[in-house]
Amino acid sequence: MNFLTLLLLSFFSLSSQSETVDLEITITNIKTLKGNIELGVYNDPKLFLEKGRAYKSFTKKVTGDSMVITVKDLPKAEYAVAIYHDVNADNECNLNFFGFPVEPYGFSNNFKPKLSKPSFSDCKFQVNANNPSIQIKLSK
């Protein structure tokens with residue numbers, strides 16, 4: 001390879017690295033110090049809240065009344081986050097007779113659903129170098 005080719009490869013390598021962000025998600029209002037936090041990061045409005053269809057998902061053991069989960073190398077784009085506190089660690093977001101969660105939950109933008117599930121547009125936010133963190137307060 002010649003010098004110009006190496007220079008161009010280095011430039012494109014550096015520019016592609018700057019196209020991702022490490023997103024820090026702080027979860028607050030954890031009232032029970034047992035079970036797991038289940039977190040899904042969605043990048044497709046059609047797949048938002050569909051089980052097993054998150055762009056990235058995480059399960060973290062509850063260790064305190066607030067926790068931080070870092071999503072590494074997230075391409076700059078629009079995302080929505082959904083979280084629930086699986087208090088009984090049964091790998092399900094337990095629902096009542098009407099289909100509402102009985103375990104604590106939260107969404108990006110701290111969106112509070114009224115009578116139906118939130119939409120992607122209710123919870124979406126832009127991930128970029130100027131916005132490397134969000135905070136979600138659990139409800140319930």
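The values are calculated or read from the model by the stated rules, or taken from the named source; none is laboratory data. Fair warning: this is a prediction, and the values are worked out from it, not measured in the lab. Note that we place each Cβ from the backbone using ideal geometry, even for glycine, and neighbour counts take in every protein chain shown.
Just give me the residues in the stretch 114-139 being out of contact with any helix residue (DSSP H, G or I) (no Cβ under 8 Å at 6 or more places or on another chain), in a loop (DSSP other than H, G, I, E, B) and not hydrophobic (A, V, I, L, M, F, W, C), in sequence order.
Residues satisfying the conditions are Lys114, Ser116, Lys117, Pro118, Asn130, Pro132.
Table: residues versus (1) of a type in the set (A, V, I, L, M); (2) closer than 23 Å to Thr59 by Cβ; (3) touching a residue at least 24 places away in the same chain (Cβ under 8 Å); (4) surrounded by 15 or more Cβ atoms within 10 Å (Cβ to Cβ).
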residue: Ala82; (1), (2), (3), (4): yes, yes, yes, yes
residue: Asn88; (1), (2), (3), (4): no, yes, yes, no
residue: Phe100; (1), (2), (3), (4): no, yes, no, no
residue: Glu103; (1), (2), (3), (4): no, yes, yes, yes
residue: Phe111; (1), (2), (3), (4): no, yes, no, yes
residue: Ser116; (1), (2), (3), (4): no, no, no, no
residue: Ser119; (1), (2), (3), (4): no, no, yes, no
residue: Phe125; (1), (2), (3), (4): no, yes, yes, no
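Looking only at the stretch 70-112, count how many residues are of a type in the set (Lys, Arg) and part of a loop (DSSP other than H, G, I, E, B).
Result for the stretch 70-112: 2.
Which ones in the stretch 33-65 are part of a strand (DSSP E or B) and out of contact with any helix residue (DSSP H, G or I) (no Cβ under 8 Å at 6 or more places or on another chain)? Show your work before the answer.
Filtering the stretch 33-65 for residues part of a strand (DSSP E or B) gives 36-42, 56-61.
Scanning the stretch 33-65 gives Asn36, Ile37, Glu38, Leu39, Gly40, Val41, Lys56, Ser57, Phe58, Thr59, Lys60, Lys61.
Looking at the stretch 86-140, which of the residues that are among the hydroxyl-bearing types (Ser, Thr, Tyr) and modelled with pLDDT under 95 is farthest from the chain's Cα centre (by Cα)?
Ser116
Of the residues Val62, Val41, which single one is over 21 Å from Lys140 (Cβ atoms) and among the β-branched types (Val, Ile, Thr)?
Val41
Can you name the number of the only condition in (1) in contact (Cβ under 8 Å) with a residue 12 or more places away in the chain; (2) at positive phi; (3) of a type outside the set (Phe, Trp, Tyr) that Leu39 fails?
So the condition that Leu39 fails would be (2).
Contact list please: Cβ distance under 9 Å, first residue in the stretch 20-32 and on the phi > 0 side of the Ramachandran plot and in a loop (DSSP other than H, G, I, E, B), second residue surrounded by fewer than 20 Cβ atoms within 10 Å (Cβ to Cβ) and hydroxyl-bearing (Ser, Thr, Tyr), pairs at least six apart or on different chains.
From residues that are on the phi > 0 side of the Ramachandran plot and in a loop (DSSP other than H, G, I, E, B), the pairs are Asn29/Ser66; Asn29/Ser139.
Return a yes/no flag: does the stretch 34-41 have any residue that is of a type in the set (S, T, N, Q) and in contact with a His (Cβ under 9 Å, 6 or more places away or on another chain). Walk me through how you get there before you give the answer.
Quick first cut of the stretch 34-41, residues of a type in the set (S, T, N, Q) only: 36.
After this cut, where a residue has to be in contact with a His (Cβ under 9 Å, 6 or more places away or on another chain) as well, the list is 36.
Within the stretch 34-41, one or more residues are of a type in the set (S, T, N, Q) and in contact with a His (Cβ under 9 Å, 6 or more places away or on another chain).
Of these, Leu23, Leu6, which one is modelled with pLDDT of 95 or more and more than 25 Å from Gly99 (Cβ to Cβ)?
On the way: Leu6 fails: modelled with pLDDT of 95 or more.
From the options Leu23, Leu6, the qualifying one is Leu23.
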